[in-house]
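One structure below.
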Amino acid sequence: MNNTAQLHDILCQSLSHEEQARKHAEGQIHSFMGSPGAVIGLFQLLSSESTSAVGRQVASVFFRKLVLTKWPTSDEQTIITAQEQEQ
């Protein structure tokens, strides 16, 4: 994802009633969730005042999912890069 507006649009498309649009958005989200910067991208979207209420709600669901599935326990390595830790 290049920016928070694009991420917002894709997250909102994941709620579409149209199966093809929803599946496409879900595929993009799946790729994004495994990429470096996913934590920061979702958090920026959550903290932006310009994000719609629906966008924040969907972003929070995916942020929670990311934390629950990818966040390391004390003996695992982190998926957060050194660059992200500095931000």
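Regarding the range 1-75, what are the three Cα extents along the principal axes, ordered largest first, in Å?
42, 28, 20
Evaluate the distance, in nm, between pseudo-label points positioned 7 Å from the Cα of Leu15 and of Phe43 along their respective Cα→Cβ axes.
Between Leu15 and Phe43, the label points sit 2.4 nm apart.
Using a ≥ b ≥ c from the Cα gyration tensor of the range 4-44 (square roots of the eigenvalues), is it rounded, prolate or oblate, where a/c under 1.5 gives rounded and otherwise the larger of a/b and b/c decides, a/b for prolate?
Working: a/c = 3.37, a/b = 1.75, b/c = 1.92.
Note, shape of the range 4-44 comes out oblate.
Go through the range 16-30 residue by residue and turn each phi into a ³J(HN,Hα) via Karplus (6.51, -1.76, 1.60, θ = phi - 60°); whole Hz please, and just put x for glycine and proline.
Karplus values, whole Hz, x for Gly and Pro: 4, 7, 7, 4, 5, 5, 5, 4, 4, 5, 4, x, 5, 5, 4.
Only the coordinates and a few stated rules stand behind these numbers; no lab work does. Predicted model only: the values in this text are computed from it and were never measured. Don't worry about glycine lacking a Cβ; one is built from the backbone with ideal geometry, like all the others, and counts go over all protein chains shown.
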